[in-house]
Amino acid sequence: MRMNLVLELLDVPGQLVSILEPISGLGANLVTVIHKRDAKNENGKIPVQLTLEGEKENLNRVIDRFDELNISIIEKDGYINKELISTILIGHIVDRDVRDTTDRINALDGVFVVGFDIKLDGEKKSTALINLEVDYGNKQIAFDEIEKICQEKDLLMINEV
């Protein structure tokens, strides 16, 4: 069986070598490695594409080992891993067209609203908790784009830490 992975590694000496030991040590074979040093993200990490070959159980053990080592797998066999994030909006959310806000967030590349809870307080400002599913590694990009929408609509945005 073959498996294609895209990992995210810090761009420091020894990182690439550190991922090779779990592969061979758990009975999988490395078929290809593409180390994209020129594609560093805002966290100083780079994507490394791997093709592995082996028995399904061995490949699953490699995935488990990467998780134990806190090695981020951003894509597996063409499927992009997602992260769940939350943000809070405060202001006249309903008056500023909640549907437009939601549609604009959903229109962002790799971002999808999976939960939207709003607390209304009469004529006062309302509060909304928005839960989002974001392509792995795009959390800050999503927050930055949502912040632009909030500035336009005069809403306060509070992000998770």
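Structure values in brief
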| quantity | calculated |
| --- | --- |
| Within the stretch 67-85, tally of residues that are touching a residue at least 60 places away in the same chain (Cβ under 8 Å) and either over 27 Å from residue 150 (Cα atoms) or touching a Gly at 6+ places or on another chain (Cβ under 8 Å) (or both) | 8 |
| Pairs, first without any contact (Cβ under 8 Å) to a residue 12 or more places away in the chain in the stretch 140-160, second surrounded by 14 or more Cβ atoms within 10 Å (Cβ to Cβ), C-beta under 6 Å, six or more apart | 147/157 |
| Residue among 17, 48, 98, 94 that alone is under 21 Å from the mean Cα position of the chain (by Cα) and on the phi < 0 side of the Ramachandran plot | 48 |
| Residue match in the stretch 111-126 (condition: modelled with pLDDT of 90 or more, surrounded by fewer than 18 Cβ atoms within 10 Å (Cβ to Cβ) and closer than 24 Å to residue 39 by Cα) | no |
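Yes/no per residue for (1) buried (at least 17 other Cβ atoms within 10 Å of the Cβ); (2) not assigned by TED's automatic domain parsing to the domain that holds residue 28:
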| position | (1), (2) |
| --- | --- |
| 46 | yes, no |
| 73 | no, no |
| 90 | no, yes |
| 128 | yes, yes |
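The values are calculated or read from the model by the stated rules, or taken from the named source; none is laboratory data. Treat the numbers as computed from the prediction; the structure is a model and nothing was measured. Every residue, glycine as well, gets a Cβ built from its backbone with ideal geometry; the counts of neighbours run over all protein chains shown.
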